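Okay, so here's the structure we're looking at.
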Amino acid sequence: MFDEPEESPEETALSADDRVKDKTDEFRMAAELFAVFEATRKFDAQIRPDLDRDLAREIQRTMGRLEKAKKPDSPVLPEGSAADAATLLDMANAKDLTSGDYHVHRRPGEVMIVRWLRADEVETFYERLQAHFDAAMEGFREEERQQQAWKQDPKTLAFLDALDKVEVKMADRYLRPLIRTHNLYVLSTQAADELNINYLADYVMSVPASEIVGSASAPPDEAPTERDLAWFFKLFTLRGMKDGIEQMCFFAFLQKSDENAW
C-alpha cells in the first residue's frame with residue numbers, strides 16, 4: 001500500500017539513540033553555520049575585504065596552535081594557551097576592526113574570514129544558534145512522524161520516541177556557563193571537504209559568491225559544475241571572557257577543493 005523509504009544498511013544497523021545522536025550533531029553543526037554567517041542577511045553586517053595579509057596569517061597560525069594545544073576529547077584550552085586566546089578575542093579592539101562584520105582576506109582559490117562578537121552580540125548569537133537548532137529538530141520530528149509512524153514496528157517507534165525526548169540547550173553544549181563562571185577559553189572546530197559555496201553565499205548569507213571569494217574564484221552564473229562550487233571549509237569558534245565581557249572570534253578558512261587544503 002505504501003512505498004517505504006529506502007534506508008542505507010549503516011542507518012538500519014544503528015540503534016535509535018545512535019541515529020538520534022547523528023541527527024543532533026548534524027543539526028548542531030548546521031545551526032552554527034547559520035548563526036555565524038547569517039548576519040549579512042539578518043543584521044545588516046558587512047563583508048569587508050580589509051583584512052591585512054600578515055594579520056590574516058597571524059590569526060591562522062594562532063588558531064592552529066590553539067587547536068593543537070587542546071586535548072582531543074575536550075574543547076577547553078589549557079592555561080598555557082590563555083594568552084594566545086585572549087589576544088585573538090581582543091584583536092578587533094586592538095586593531096580597530098569592527099565587531100559583527102566579516103573581515104576577509106582573499107587569494108586566488110583561497111579565502112580567510114574573521115568575525116568578532118562581544119557582549120550583546122554574543123547573546124544574539126546564542127539565541128540564533130538555539131533557534132536554528134530547534135527549528136531543524138522540530139521539522140525533522142514532524143517529517144519522521146508523517147513518514148514513519150504508520151509502520152508501528154518497535155524499532156521505528158523507539159526512534160520516534162527518542163526523537164521526542166531530544167532537548168539540547170546549545171549554550172550548555174558550547175560550554176557557555178562554564179566560560180562565564182570560570183573564565184575558560186574554549187575552541188571548537190568543524191570542517192567540510194566540499195562545501196557548496198553558492199549554498200553559503202545565496203542561502204545562508206544572501207550575497208553573491210564573488211563577495212566572499214572574489215570575482216576570479218566565484219563560480220560562473222550559468223550552469224556551474226560541482227568542481228566550480230566545491231570548496232574545502234574549516235571553521236574555528238573561539239570563546240572567552242575579558243574584564244567580565246563575553247567575546248567570540250570565528251575564523252573560517254576556505255580553499256578550492258581541487259587545491260591542497262590547509
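Just so it is clear, none of the values below were taken in a lab; they were calculated from the coordinates. Predicted model, so just to flag it, every value in this text is computed and none were measured. Backbone-built Cβ (ideal geometry, glycine too); neighbour counts: all protein chains shown.
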Treating only the Cβ atoms of Lys and Arg (+1) and Asp and Glu (-1) as charged, compute the dipole magnitude of the stretch 193-262 about its Cα centre; round to the nearest 20 debye. 380
Under a cut-off of 20 Å between alpha-carbon atoms, report the lysines in cross-link reach of LYS95, not counting same-chain residues fewer than 8 places apart. LYS242
Charge dipole magnitude, Cβ of K and R +1, D and E -1 - the stretch 13-256, Cα centre, debye nearest 20: 660
In Å³ and rounded to a whole number, note down the convex hull volume per residue for the Cα atoms of the stretch 118-262. 171
Anything in the chain that counts as a DSSP H helix reaching 20 Å or more along its axis (C-alpha) with Kyte-Doolittle mean of at least 1.0? List them, would you? none
Please report THR124, THR225, THR237 as a ranked list, fewest other C-beta atoms within 10 angstrom at the top and most at the bottom. THR225, THR124, THR237
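Quote the FRET efficiency, to the nearest 0.05, computed for ASP161 versus ALA30 with a Förster distance R0 of 25 Å and r equal to the Cβ-Cβ distance. Can you show the working numbers first?
Details: r = 24 Å, r/R0 = 0.94.
With R0 = 25 Å, the Cβ-Cβ based efficiency is 0.60.
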Per-residue Cβ contact counts at 10 Å, fewest first, order ILE245, ILE113 as ILE245, ILE113
Just want the answer: with Cβ charges of +1 for Lys and Arg and -1 for Asp and Glu, which residue in VAL111, VAL186, SER257 is farthest toward the dipole's positive end in the chain? VAL186
Normalised by the empirical 2.2 N^0.38 Å for globular proteins, what value does the Cα Rg of the stretch 13-256 take? 1.09
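GLU226 to ASP120: extension gain in nm, 0.36 nm per residue of separation minus the Cα-Cα distance? Numbers along the way, then the final one.
Values: separation 106, 0.36 × 106 = 38.16 nm, distance 3.90 nm.
Gain on extension, GLU226 to ASP120, equals 34.3 nm.
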Check the straight Cα-Cα distances from LYS256 and name the lysines below 19 Å, setting aside those fewer than 8 residues away within the same chain. LYS234
